[in-house]
There are 4 protein chains.
Amino acid sequence: MQKLRAGILGATGAVGQQFVRLLADHPWFDISVLAASERSAGKRYFEAVNWIGSDPIPDSVREMEVVSCEPGIGCDFVFSGLDAKVAGGIESDFAAAGYAVISNARNHRMRQDVPLLIPEVNPEHTALIDAQNTSGYIVTNPNCSTVGLVCALKPIVDAFGVDRVQVSTMQALSGAGYPGVSSLDILGNVVPFIGGEEDKLETEPLKLLGALENGAVTPYRATLSAQCNRVPVLDGHMETVSLSLKRTASPEAVVGALRGFKNPLAGLGLPTAPDPFVAVFDDPRFPQPRRHSNLGRGMTVSVGRVRSCNVLDIRMVVLSHNTVRGAAGGAILNAELLVHQGRLSSRTAAAPATEKAS
Amino acid sequence: MQKLRAGILGATGAVGQQFVRLLADHPWFDISVLAASERSAGKRYFEAVNWIGSDPIPDSVREMEVVSCEPGIGCDFVFSGLDAKVAGGIESDFAAAGYAVISNARNHRMRQDVPLLIPEVNPEHTALIDAQNTSGYIVTNPNCSTVGLVCALKPIVDAFGVDRVQVSTMQALSGAGYPGVSSLDILGNVVPFIGGEEDKLETEPLKLLGALENGAVTPYRATLSAQCNRVPVLDGHMETVSLSLKRTASPEAVVGALRGFKNPLAGLGLPTAPDPFVAVFDDPRFPQPRRHSNLGRGMTVSVGRVRSCNVLDIRMVVLSHNTVRGAAGGAILNAELLVHQGRLSSRTAAAPATEKAS
Amino acid sequence: MQKLRAGILGATGAVGQQFVRLLADHPWFDISVLAASERSAGKRYFEAVNWIGSDPIPDSVREMEVVSCEPGIGCDFVFSGLDAKVAGGIESDFAAAGYAVISNARNHRMRQDVPLLIPEVNPEHTALIDAQNTSGYIVTNPNCSTVGLVCALKPIVDAFGVDRVQVSTMQALSGAGYPGVSSLDILGNVVPFIGGEEDKLETEPLKLLGALENGAVTPYRATLSAQCNRVPVLDGHMETVSLSLKRTASPEAVVGALRGFKNPLAGLGLPTAPDPFVAVFDDPRFPQPRRHSNLGRGMTVSVGRVRSCNVLDIRMVVLSHNTVRGAAGGAILNAELLVHQGRLSSRTAAAPATEKAS
Amino acid sequence: MQKLRAGILGATGAVGQQFVRLLADHPWFDISVLAASERSAGKRYFEAVNWIGSDPIPDSVREMEVVSCEPGIGCDFVFSGLDAKVAGGIESDFAAAGYAVISNARNHRMRQDVPLLIPEVNPEHTALIDAQNTSGYIVTNPNCSTVGLVCALKPIVDAFGVDRVQVSTMQALSGAGYPGVSSLDILGNVVPFIGGEEDKLETEPLKLLGALENGAVTPYRATLSAQCNRVPVLDGHMETVSLSLKRTASPEAVVGALRGFKNPLAGLGLPTAPDPFVAVFDDPRFPQPRRHSNLGRGMTVSVGRVRSCNVLDIRMVVLSHNTVRGAAGGAILNAELLVHQGRLSSRTAAAPATEKAS
């Protein structure tokens, strides 16, 4: 198979850097274009970027020239790590120009015709693409604090149904981008507020867990309540969760459902798909963000302390890597699913605009 | 008024050091005895202690000789900062020998005849002392994670009643004593488990909020569910709380109840009583442990983000200083209340053992 | 004595906030004006400021209206916490308009006619003011990493002379202002570079320790080499120092010089002057920034581990509070010295512009 | 080639765990025995160990039974991660019983007949083994703070000679083992003292850089002065270094020597040997412990900020991974060198005891 040429929109930002890092050795995708704001355009990547990772900039992109985020760039599709302030319009422009846009931005997530996608959770939602009347299309992944919760809920929803969910988060600094949170605000401290976060965490799961009916998603019927906190952790969002079930089940049965979940990606060979999808810990001290965020190269979601709750039915702790599973890695897995489904291919070969028009 | 002579049991430990620090300039109490384990006995305090505070050891006790924790020491009453492994027996011995024991240890907290006391919350519970058939008595303060929650609940309980409570904590390192948590376990990390903590947080509030009837406490009828986490913060336990009310009330009404609480200590002049008892923040970023734990010299409990909850009725964030309000400061306020109630006085003058026998 | 009316330039910044905090209860000075950039002018202080301290904004200034940094504001003199980008011109304007400007900014520090002042070190340097041909004048305090070093060196310089100094710093986050250092850059990390810092640390001490001769300062003859690092500490700059002496002395003799230093401020009653000026620790684990930065309410400089050096003569560790002794507190002590010397008084009473012109 | 069977002494400790982690996939060595204290003997490894790494315990050793540290265990040679309190005797016993002991402990490091070894620095020192009159032998690697310094000095020593060295360290928490440093001591703090560390850093380099003459090592002639500090960093010891040269050289020439160093391991194919041996950064913000400790899988030493010094000749910053290059990884590279030199082989095949006796 010929590798697909991927462009990265917002390539110099915190999420864009994760795209670069994760795509550097990808077996299906090559980075062919790095796009960013006007300020960066024309510079070489290593000059334009304030590289925050601990690995060096991959050699393959280090000297690449950064271009502006405008349709016409030479690639088969684009990943978008754009800031929400500009993502809306730019992504629409690319979709209109025939590009598949695999986006991490929040702007189009709740649009009726845009899939909000976690491949293991709702792979069939990609059918929403057919309703987008552009030659290209947009697919989104959820907010970084939504992902871990929904991955942990999905097996429980399938087995018993979930009715009400209380979640209190302890979120990592990398979720705020760079420079993001001032060290003076967070060293030895907790900040009990993250703007806009609770709203996303209370609404996105219902779309993700919803049913595709007649080409549209009917949101899952459940109620969520979120309290979001920032803690001095680099990577990995922790969440304490309490939930009520639609059908009674013991904590042991819930663990059984989590461990026995029939992963729709099993056997598909998607390069970024983790095994296991969800890891369940018996040791009550686990999971911990610094120790377990990188499980499955950052794509496995960790669950621990599954036990009964005095107020609702079940309590547990959920951890996921916020910039891998919760951002760039999740978007790459979305692209892999789209390739598998035949929805993403070489632009010259597949001429997606024409195909869809037919 | 002649100052009362206070002994400190467990004076070299983390809580004992807080007693020393807070009593150094106390207007009613003088530190007359520092007692600790056999290992420390005979040494001068500055030699026996691994002083962890940022203030120096107070000059008044620096050279004081540490003695063993045995009845017979020269003081009017004792504060106990003993470790739970040894506190049970030693505290009983002191009570039997005629000492009032103002304890921070958990051993006797749930005994029917021992007050579990927060002066602003249940000052009348000191009447339980009358049921103790020793010449001295034991009074306890609650676990450090219980205190903040109960102080914030009390005005709401009084105004509307509370039915169910979900609480997720982010607890400071000083709550684990010294050396306590290894830096390798917690730097840039969260540990989602604190042994025994959730059980205390789910049971102690019911006794604290209970009614004194016929010389015994009837626990308050409510259900609590706690999830306890350790975070890299020095002092100050944060708690996200969600609760259902017995009588409907808006978030504004709850704020009103918190701000309008009729503090039973108002006007009594207890030196350690803070004003306000509970501070309510409007800024959604507050309270924060590093910025607000020291409000009211560590005795004010802070509440923020009072808002409605999708699952239960009301959500909020609670912060309290775990080693001041949640330990040594709380115990000192307990002693002040007992002095005010005439239950604590000079041993020679009041001969408490005989009085109670009559 | 009538209190002098102090204006604060740059009152909303990190240093400006320290001025506000430290002046709130000052016995000699009242805050009469809060001045800041155009963006803040017209707002009330609590609206304009992103208050980063753990104490609340003092009530006395909370509602005060912020004005622009332009001469004409109603005060007897000004403290400047301005950013170096704008401090140069604004401070000159105020000096030209007759105000005494007590500045923390670096812009005028090395000017021949401007005192670079630490009251315990070179109080006589205030005579440089006489060479300033403006109706007001400018006095500066040194860079935050310079202060601790020079305070620790001064007694050694007086006793034995110092020839060469190697210093390696571990500097706190608050030294970079707010928002300053990104948490993603410094949590669990060290950054071995602080722009411009090493140059200041290698040059300012020579002016501070220099001799006033014929109305000018002859720099002290010594050589300094500095290596500056940022570490994840909130307040308090640590420095490991190695030095060679002009006259041989044992470590014990150096400790003797530090402890026996004849403080020129002794007995003057300056409110912010600490006692001791320099504290020397015997315990090799001390000083530590979190535990000892606040000694003398942040004005005492701490020295520890005084011992011989294999390469030069003497090694030691120095700690000082970078935003108190190293910034706002140092400037306030400078103002107190100027009052004591009769160089700072009420503008209406003293009409400094006229006096100097005469 | 048949893999050699390696035993690990002290396998449950912090260094022992690093041996386990690094040997799990080693191409030349198999872990055949895990040995630890009596307390752990008889347990399975996962039960006996408090595993502190972020990767899980390797499957290959998870269920292995831990045995006591006594000769007779079935392996070709042993790595020792033993605590210095017990390492001296146990290591001697194993050497006497015919085992090669590749030790990280400090006990035998300075013995005349024991190589203190960094393969890239003094590979010829292994000849000291011939003077050990036991059937087995002991080889040691240096203290974790020594390694980075000596690796950075070696190319400079070879090119220009080094006369005097000032070094101030900022050392990571993992260097103190587990539980090691209390979080209450180090969060947001610096501790300017590490017991015994400065002495090791001032003496070990002279043996490492010394010349092998007539079967003994003549220490290198230079003077070192060390100041050691603990900082809140997980892994990676940073050191600011200032040094004088025996032959004058510019900073550029020093960088040239570092980059042009003729690595004696080049081309040997030792699996753990990094490339490059020393990395030199041009960006003044680098190296940083969190970002660069893992270069070369933790075996590359990083150098930055090479520039001239006002007091000595050259200043620079050095970083090395303290538990990989500075402990277990360094010891494994030592073993690889010994295999290459024909000094380490299968016990049955080579019968080292007999060979040496002949």
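Observations on the model:
- Any hit, the stretch A:57-72, residues being under 28 Å from residue A:133 (Cα atoms) and of a type in the set (S, T, N, Q): yes
- Filter result (more than 18 Å from the chain's Cα centre (by Cα) and of a type in the set (Gly, Ala, Ser)) within the stretch C:145-164: C:159, C:161
- For beta carbons closer than 7 Å, sequence separation of 6+ or different chains, a first residue in the stretch D:295-307 that is away from chain C (no Cβ under 14 Å) and a second that is of a type in the set (Gly, Ala, Ser), the qualifying pairs are D:295/D:279; D:295/D:302; D:298/D:329; D:299/D:329; D:300/D:279; D:301/D:148; D:301/D:152; D:301/D:320.
- Which numbered condition residue C:282 fails, given (1) surrounded by 22 or more Cβ atoms within 10 Å (Cβ to Cβ); (2) of a type outside the set (Lys, Arg); (3) within 14 Å of chain D (Cβ to nearest Cβ): (1)
- Taking the stretch C:190-234 as the range and being within 8 Å of another protein chain (Cβ to nearest Cβ) and in contact with a Gly (Cβ under 9 Å, 6 or more places away or on another chain) as the test, the residues that pass are C:190, C:192, C:193, C:232, C:233, C:234.
- Within the stretch D:235-254, the set of residues being open to solvent by 30 Å² or more (accessible area, probe 1.4 Å) and more than 14 Å from every other protein chain (Cβ to nearest Cβ) comprises D:246, D:247, D:248, D:250, D:252, D:253.
- Elements of type helices (runs of 4 or more DSSP H) contained in the stretch A:127-209, each with 1 or more residues being free of Cβ contacts under 8 Å to residues at least 60 places away in the same chain, in contact with a Leu (Cβ under 8 Å, 6 or more places away or on another chain) and open to solvent by 20 Å² or more (accessible area, probe 1.4 Å): A:197-208
Condition check ((1) within 28 Å of residue A:17 (Cα to Cα); (2) of a type in the set (Gly, Ala, Ser); (3) away from every other protein chain (no Cβ under 14 Å)) across all residues:
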site	(1), (2), (3)
A:114	yes, no, yes
A:136	yes, yes, yes
A:147	yes, no, yes
A:166	no, no, no
A:174	yes, yes, no
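- Test: residue B:56 is out of contact with any strand residue (DSSP E or B) (no Cβ under 9 Å at 6 or more places or on another chain) and in contact (Cβ under 8 Å) with a residue 60 or more places away in the chain: no
- Single unsatisfied condition, residue A:345 versus (1) part of a helix (DSSP H, G or I); (2) modelled with pLDDT under 95: (1)
- Screening the stretch D:44-56 for residues that are among the hydrophobic types (A, V, I, L, M, F, W, C) and within 12 Å of another protein chain (Cβ to nearest Cβ) and picking the one that is farthest from residue D:17 (Cα to Cα) gives D:46.
- Listed by first and then second residue, the pairs linking a residue in the stretch D:10-32 that is closer than 20 Å to residue D:71 by Cβ to a residue that is polar (S, T, N, Q), with Cβ atoms under 6 Å apart and 6 or more places separating them unless they lie on different chains, are D:12/D:40.
- Among the conditions (1) open to solvent by less than 40 Å² (accessible area, probe 1.4 Å); (2) touching a residue at least 40 places away in the same chain (Cβ under 8 Å); (3) under 24 Å from residue B:103 (Cα atoms), residue B:312 misses just one, which is (3).
The values are calculated or read from the model by the stated rules, or taken from the named source; none is laboratory data. Since we're looking at a predicted model, the values are computed, not measured. Every residue, glycine as well, gets a Cβ built from its backbone with ideal geometry; the counts of neighbours run over all protein chains shown. In case anyone asks, the SASA skips ligands and DNA or RNA and just uses the protein heavy atoms, side chains included. Shrake-Rupley method; radii C 1.70, N 1.55, O 1.52, S 1.80 Å.
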